[in-house]
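The next block holds one structure in the form of structure tokens; read it before the comments.
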Amino acid sequence: MTRVSSTDWRLLALARALLAVASLAACAPAPAAPASGKPPAAVTLTPEPTAPVADQDVTLKIRLADADAKGVPGAKVKVSATHTEMAHGSLEADASDAGSGDYVAKLKPNMAGTWKLTVTAQGGGATKRADFELQVR
Ligand SMILES: [Cu+2]
């Protein structure tokens, strides 16, 4: 009574092939974080506002690029700020990943003067450090 036509056999074979592919995919390791895999080679930092004022939030827009000038997402980025005219410890901030190699950190420098910002970026199995100067009014 049940008769399998040649079309059905072809469909069965296709279904088996699809199942095989599906099980292969299931066995593959989970994809890593959406990192380019390359270490950051260049760090740029843009403060907003560009002329920060003491005791007010400053947004630090940080961009990481690899040796080919492509953005490096998925890195761990920290900022450490020290007031260069005095020794009273540092302000620390973790930057959040905004995607495509862009990161955002917030700081509130509590005194006017020159601050040294050190960005530490860990990604692609390497650590890149870059220093910047921030003038606070
Ligand atoms: Cu100070």
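Quick look at the numbers
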{"read-out": "Residue under evaluation G74, criteria (1) part of a strand (DSSP E or B); (2) away from the ligand (no atom under 16 Å from the Cβ), criterion not met", "value": "(1)"}
{"read-out": "Residues being away from the ligand (no atom under 11 Å from the Cβ), surrounded by 16 or more Cβ atoms within 10 Å (Cβ to Cβ) and either at pLDDT below 95 or under 22 Å from P52 (Cβ atoms) (or both) - total across segment 79-97", "value": "4"}
{"read-out": "Selection count, segment 98-116, where residues are in a strand (DSSP E or B) and within 14 Å of the ligand (Cβ to nearest atom)", "value": "5"}
{"read-out": "Residue check, G124 at positive phi and surrounded by 14 or more Cβ atoms within 10 Å (Cβ to Cβ)", "value": "yes"}
{"read-out": "Failed item, numbered, when V43 is tested on (1) assigned to a strand (DSSP E or B); (2) at pLDDT below 95; (3) not polar (S, T, N, Q)", "value": "(2)"}
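The values are calculated or read from the model by the stated rules, or taken from the named source; none is laboratory data. None of these values were measured; they are calculated from a predicted model. A quick note on method: Cβ atoms are made from the backbone with ideal geometry, for glycine too, and the neighbour counts reach across all protein chains shown.
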